[in-house]
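A short write-up of the structure that comes next.
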Amino acid sequence: MEERKSVIIVGAGLAGSLWAVYMAKAGYSVTIYERRTDMRLVKLSAGKSINLALSNRGWKALDAVGVGDEIRKIAIPMYGRMMHDTKGNLTYQAYGKENQAIYSVSRGEINARMMDIAENHGMATIHFSHECKRVDLQNGIVYLTNTITGESIEAKADLIFAADGAFSAVRYNSMQKLDRFNFSQNFIADGYREILLPANPDGTHKLEKNALHIWPRGRFMLIGLANEDGSFTCTLFMPHEGERNSFDKLNSKEAVNAFFEEMFPDLYAMLPNIADTWSGHPLSSLSIIRCFPWTSGKVALLGDAAHATVPFFGQGMNASFEDCTVLSELMKKHNGDWEAIFAEYNVVRKPDGDALQDLSVDNYYEMRDHVANPDFLLRKKIEAKFSTIHPDKWITLYSQVSFSEIRYSDAYKHGQLQNRIMDAVMDMPEIEDKWDSQEVMDKILSLCN
């Protein structure tokens, strides 16, 4: 009997755990090495890291190997954005058509579930507290250190997948040493800090749970996503320093209280003790990492290790899961010829990784600067009406990214064209009064053709 081919996955995060299931179903034996200890052995608490938003691409990748329903148990649907102004007034904007939603999941909770899935559905063995030191790319050997015992370990496999995150040890210690390997790391000027909004005493949510809450304030913003226990994980995105409102200014309890009372009065009323918990949540940075090629020898980068992005389109996890979809389709296309699979993976997936990063930055400006702007809201109403009348002519950029499998690179191009069309429409005389007229719909139709 022929011995099963073996795969090593470095990183037991979201992409690594899901890819273990794909490889097991393709007949490979799977071993995962994870630098961290087993997070499932400690009680997870909400509010420690940005909640994630699962949408169409992620569900497709999960359902293709029969594990989507495991995640649906911990996912909360969000049907639109709820904007909060400085007076506490609310404006709601649906994400897509009726009943279309993105889903809030706790990062810690979904990661723990995905590890269970890797073991139970992927029959993977996960070795925790094993730090990757380097990889022999051509021979498929991973050199590791057991961080508890200090023991050095060598592990060999037919294929190695680096799913070890934005600051991938495989990429840094091995692939970045290659000749003609391109790499860039760009930290944006803004960082983020988590704030936990507890549940009501009876366990209910203090805000509408089936919406993504946004407090847009121009140069900074706060968002909130519901957790299963009735709490909300809120995240403040703001410049690190140098602005009238920046993290370096919030250096005392008095400053924190004054800032929240002025900028987020409705939230502050629910969180009068925010200054006491402020220092308990670390200030974190946000970066975009680009590199190429994503493969070398027997090794491929997967997920954030290949295309880490900022979280403003809610697509980081979805893109990582979609990597699994793309690689799986290439496996079938090339009948297990990994040289051909890796070659095409580089060609077809890299443009989508780059486009998602561009989309994510653009969406930050939209959420931060524009969602409360009357012109922006009018623009979205016009788009929605035209899309309803001519669904074959116009899918909004948000729907292309979140509710379809249109390639990110194609969605980005379509979105730029739509922007130019809408700029022309918004320049029409008296657009505020006749926005839903036949004249406006005809104008968009003529510009689409």
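Candidates in the stretch 167-204 are the residues that are of a type in the set (Ser, Thr, Tyr), surrounded by 14 or more Cβ atoms within 10 Å (Cβ to Cβ) and part of a loop (DSSP other than H, G, I, E, B); of these, the one that is nearest to the chain's Cα centre (by Cα) is Ser168.
This table checks each residue for (1) surrounded by fewer than 19 Cβ atoms within 10 Å (Cβ to Cβ); (2) under 27 Å from Ser104 (Cβ atoms); (3) in contact (Cβ under 8 Å) with a residue 24 or more places away in the chain; (4) among the small types (Gly, Ala, Ser).
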residue	(1), (2), (3), (4)
Tyr398	no, yes, yes, no
Val401	no, yes, yes, no
Met428	yes, no, no, no
Asp436	yes, no, yes, no
Ile444	no, no, yes, no
Asn449	yes, no, no, no
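Residues checked against (1) touching a residue at least 12 places away in the same chain (Cβ under 8 Å); (2) under 28 Å from His130 (Cβ atoms); (3) in the same structural domain as Gln315 (by TED's automatic domain parsing):
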{"position": "Met23", "(1), (2), (3)": "yes, yes, yes"}
{"position": "Arg36", "(1), (2), (3)": "yes, yes, yes"}
{"position": "Val67", "(1), (2), (3)": "yes, yes, no"}
{"position": "Ile71", "(1), (2), (3)": "yes, yes, no"}
{"position": "Ile74", "(1), (2), (3)": "yes, yes, no"}
{"position": "Gly80", "(1), (2), (3)": "yes, no, no"}
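Residues of the stretch 376-433 that are among the basic types (Lys, Arg) and in contact with an Asp or Glu (Cβ under 7 Å, 6 or more places away or on another chain): Lys385, Arg407. Among the strands (runs of 3 or more DSSP E) confined to the stretch 82-166, there are none with at least 3 residues that are at positive phi and assigned by TED's automatic domain parsing to the domain that holds Val401.
The values are calculated or read from the model by the stated rules, or taken from the named source; none is laboratory data. Since we're looking at a predicted model, the values are computed, not measured. No Cβ is skipped: glycine too gets one built from the backbone with ideal geometry, and neighbour counts run over all protein chains shown.
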